[in-house]
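**Student:** Below is the structure I would like to discuss, written out as structure tokens.
We did not get these values from a lab; they are worked out from the coordinates using the rules stated. Bear in mind the structure is a predicted one, so any value in this text is a computation, not a measurement. Glycine gets a Cβ as well: all are built from the backbone with ideal geometry, and neighbour counts include every protein chain shown.
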């Protein structure tokens, strides 16, 4: 009976080793899955931080735009923006008045003289 029991012990040993190998493969597959989940979580955490930073930046931009809209709603704000954008005046200038030059009497006399001559020639 010893040889029969010896075969049984060898079969048990072989089954135990096979079971350990199957268990090891299952554990490796589980570890591989957990590692993938960990990588995705780490990537998601990084993307969340970026999205939160972008949200803060967009909120600050919204506030800035609301202030600009309120400022541009007034005549003074429009004037300041035009001056700044097109370089029409230096900073701190309040008002620019453009005065047309007055026509001198010689210009009026000359222009009147030429009108008379033209009218005369047309009539002639």
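**Student:** Once you wrap a convex hull around the alpha carbon atoms of the stretch 17-68, what is its projected area averaged over all directions, in nm²?
**Tutor:** Its average projected convex-hull area is 3.3 nm².
**Student:** Still on this structure: Spin-label point model (7 Å from Cα, Cβ direction): what's the residue 8 to residue 69 distance in nm?
**Tutor:** In this crude spin-label approximation the distance works out to 8.8 nm.
**Student:** Report the extension gain between residue 76 and residue 27 in nm, rounded to one decimal, defined as 0.36 nm multiplied by the number of residues separating them, less their alpha carbon distance.
**Tutor:** Details: separation 49, 0.36 × 49 = 17.64 nm, distance 7.31 nm.
Between residue 76 and residue 27, full extension yields an extra 10.3 nm.
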